[in-house]
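Let me begin by presenting the structure, written as structure tokens, before commenting on it.
The values are calculated or read from the model by the stated rules, or taken from the named source; none is laboratory data. This is a predicted model, so every value here is computed, not measured. When we count neighbours, we look across all protein chains shown, and the Cβ atoms used for this are built from the backbone with ideal geometry, even at glycine. Ligands, DNA and RNA are excluded from the accessible area calculation, which covers all protein heavy atoms including side chains. Shrake-Rupley method; radii C 1.70, N 1.55, O 1.52, S 1.80 Å.
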Amino acid sequence: MPYELQVAIRYLVARRRQAFISLISFVSALGVAVGVTALVVALALTTGLQGELRDRMLGSMPHIYVARIAESGVPDPAAERTRFTALPHVIGAAPVVIGPALVRAGERSAFVTLKGVDTAIEGSVTELPAKMIAGRFDALAAPPETAGGGPRLDGIALGKDLAASLAVRPGDVVTVLTPEGTLTPMGVMPRARSLRVAGIFQLGLYEMDSAYAVVSMPVGLRLMGKPYPDFLQLKVDDLYQAHAVAEAIMARHGATYQVQDFAQMNQSLFSALQLEKMAVSITIGLIVCVAALNIIASLVLMVMEKSRDIAILKTMGATARSISIVFMLQGTLIGVVGTAAGLVLGLSLSFVLDRYRLVHIPGDVYQIAYIPFRIEPLAIAVVTGAALVICFLATIYPSRQAARLDPAEALRHG
């Protein structure tokens with residue numbers, strides 16, 4: 001073991017008069033640990049929140065929307081599906097028609113976004129069929145026989161929170177009104193149709209579960225008075241290829257199609273989350289900087305306390321570089337101990353908070369009911385590296401002052 005390291009370790013151990021300096025060193029290490037812990041937990045929180053929102057959105061909506069510019073929709077969905085599923089990375093395509101509607105059940109009503117889908121292939125682009133918690137998704141395309149020989153009603157699937165607000169369950173009948181009017185002797189009246197609740201889904205996003213209703217494509221086209229679907233939904237095998245696929249479609253068919261990928265549709269949300277993540281990291285990272293100032297203070301006091309020892313070491317042949325290394329190692333050891341303790345505590349705390357879902361938030365505001373904590377290895381590496389670098393930089397000034405100490409002056413006044 002180099003003698004510089006031996007001296008640095010010995011100086012960190014409290015001995016009678018140096019107990020106060022060792023206490024400052026302990027507080028400095030504790031400050032680094034607290035800063036690293038807070039930074040790890042904050043990054044896990046923001047990463048988990050961003051990732052959870054992204055995953056739930058991807059389960060409820062496609063990666064890419066494609067619409068024809070010259071047409072008010074997609075006239076030939078089958079041909080368009082064949083065209084786009086042949087593109088690299090595209091693994092699914094399905095048509096969709098979307099519009100506003102009012103759903104009534106008895107005295108209760110709610111404004112919703114009505115989505116008409118092809119029930120046979122919707123599962124290739126979204127997780128909607130797999131998110132049914134009551135009823136069956138395929139019942140949308142096959143109206144059940146009614147008791148007593150009554151009329152066969154088409155089905156509708158409602159979000160969990162929407163069904164709760166309307167107080168309905170599978171088998172109940174609701175009335176759907178759409179803005180597209182029907183000409184009657186009394187003038188143009190909103191189009192109304194009675195539908196039977198075929199199922200209830202839960203996508204995990206409050207916005208979707210409280211304000212979305214799904215019907216089969218033929219029912220959606222009739223209710224909205226449209227001849228064919230509005231868009232074609234695409235799903236890619238790699239989310240990060242969605243933008244490249246959208247650009248490829250625009251480059252090849254730019255004059256014919258209008259394309260929008262997932263990142264463009266949610267740009268404002270994820271930009272805000274990224275900005276929040278950066279702001280939190282910088283703010284909490286200042287705690288580590290404050291701890292670095294404590295390291296500077298403890299080393300300066302150590303240099304003053306050990307001036308006689310430094311002079312003796314120099315008279316015995318120790319170079320200025322060796323003296324500088326002694327105090328650099330001392331500060332670095334404080335940083336290593338504090339960083340290691342902070343990492344262990346931060347990772348443990350993040351695991352417990354995520355495992356037991358201890359942080360709950362209002363779902364109607366943040367779309368999810370609790371915050372997951374996700375650890376990214378790259379983020380941990382950056383936090384570790386940044387903390388160690390800051391602690392090392394804090395040792396430069398005190399170590400240079402120690403190296404410049406004049407042995408004669410130190411011994412005269414020591």
Whole-Hz Karplus couplings 3J(HN,Hα) for the range 197-214, θ = phi - 60° and coefficients 6.51, -1.76, 1.60, Gly and Pro as x, run 5, 8, x, 10, 10, 9, 8, x, 10, 4, 4, 6, 6, 9, 9, 10, 9, 10
About its Cα centre, the chain carries a charge dipole, from +1 on Lys and Arg Cβ atoms and -1 on Asp and Glu Cβ atoms, whose size in debye to the nearest 20 is 1320
Heavy-atom accessible area of K226, protein chains in place, probe 1.4 angstrom, given in Å² to nearest 10, is 60
Violations at 23 Å Cα threshold for listed pairs K131/K235; K160/K277; K115/K160 -> K160/K277
Here, trypsin sites (Lys or Arg not before Pro) of the range 373-414 satisfying both criteria (DSSP loop; at most 14 other Cβ within 10 Å) are R404
Ranking C391, C289 from most to least accessible area with a 1.4 Å probe gives C289, C391
The answer for the chain, counting only DSSP H helices whose Cα atoms cover 20 angstrom or more along the axis and whose Kyte-Doolittle average is 1.6 or greater, is 267-305, 377-394
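Rounding to the nearest 20 debye, state how big the charge dipole of the range 263-355 is about its Cα centre with +1 on each Lys and Arg Cβ and -1 on each Asp and Glu Cβ. Intermediate results must be reported in sequence, preceding the final value.
Working: 6 positive and 4 negative charges, 59 e Å.
That gives the range 263-355 a dipole magnitude of about 280 debye.
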Share of accessible surface on carbon and sulfur in the chain, whole %, 1.4 Å probe and ligands ignored, is 62
